[in-house]
1. What is the fewest-to-most order of Thr243, Thr13 by other Cβ atoms lying within 10 Å of their Cβ?
2. Between Asp58 and Val26, with labels modelled 7 Å along Cα→Cβ, what's the label distance in nm to one decimal, could you check?
3. Computed FRET efficiency, Cβ-Cβ of Glu189 and Lys168, R0 30 Å: what is it to the nearest 0.05?
4. Taking amide H atoms as placed 1.01 Å from N in the peptide plane, list the residues 5 or more away in sequence, or in a different chain, whose amide H sits under 5 Å from that of Cys238.
5. Taking only C-alpha pairs under 8 Å that are 6+ residues apart, what is the relative contact order of the stretch 85-202 in percent?
6. Quick check: residue separation of Glu277 and Gln6 times 0.36 nm, minus the Cα distance between them. What number comes out in nm?
7. I want to check the label-to-label distance for Glu226 and Ser264. Put each point 7 Å from Cα in the C-beta direction and report it in nm to one decimal.
8. Work out which helices of the chain, taken as complete DSSP H runs, extend at least 18 Å along their axis over the Cα atoms and score a mean Kyte-Doolittle of 0.0 or more, then list them.
Amino acid sequence: MKPNTQQLTELTTQVRRDILRMVHAVSSGHPGGSLGCAEFLVTLYQKLMDRKEEFKMDGKDEDLFFLSNGHISPVFYSVLARSGYFPVSELATFRKINTRLQGHPCTHDKLPGVRMASGSLGQGLSVATGAAQAKKLNNDNHLVYVLMGDGELQEGQNWEAMMYASAKKVDNLIATVDLNGKQIDGPTEDVLNLGSVKAKFEAFDWEVVEVLKGNDIDSIIAGYEEAKAKAGKGKPVCVLLHTEMGNGVDFMMGTHAWHGKAPSDAQLEEALKQNPETSFGDY
């Protein structure tokens, strides 16, 4: 049975605790975007995707997910572990020597759930487009999801993939843009203004769904049900997910400063107070 909103909310709180503790333990990592995407990834893996419990790299007969903005690996690893792909206790090895949980996900350590090496931004949409087209060629009627950052759209390869996906009618592809308006150097509108992302995707002949409350689980569910309803009708689908970087920790919100900075001992203590331990338990 799929979890309800209350259960998803509790798991999201636990995932936030995982993110904060993982990054703090090694004084390294990217908490801001990870916290901002916690609700989305929890909901995707626990509610929205049709996935198998056993991970197989060929991904046949199941929905697939590709993480393009690989620097938000803390939330990805936490959700994978909490979804049963590998032991939750392994989260304690994040960014340590000989760990499978590298700072940016990689495939050579064969960590279950990781389908591509990412972190070199701008590549995930191309990979996901290829995987989605392969499913169509193999008569596999499942969806392929990919998550990208909004700052990542400043990479030109994305636009080639957008053009290709629409031209080839890769309509089993649902691409999500994390629209938090911030990147490592500041607000995206100051670094390199993207203008209307919605208008750009529509100009490339994509269907576009906007989720204005990207940190609200019910809004996420409604938005992706709409996206899934639009899939399979000749056009790829883009979901513009409006999120808050650092969501759930008041002093990390409203700024790009926590893109890639670990909290101090005192900051961790305060952040965890805002996200009390849940029935899932810390690793």
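Only the coordinates and a few stated rules stand behind these numbers; no lab work does. Predicted model only: the values in this text are computed from it and were never measured. Cβ placement follows ideal geometry from the backbone for every residue including glycine, while neighbour counts extend to all protein chains displayed.
1. Fewest to most other Cβ atoms nearby, the residues stand as Thr13, Thr243.
2. Between Asp58 and Val26, the simple spin-label model gives 3.3 nm.
3. My answer for the efficiency is 0.40.
4. Ala175, Glu207, Val208, Val209
5. 20 percent.
6. That pair, Glu277 and Gln6, stretches by 96.1 nm at full extension.
7. Result for the modelled spin labels: 4.3 nm.
8. Helices meeting the criterion: 124-137.
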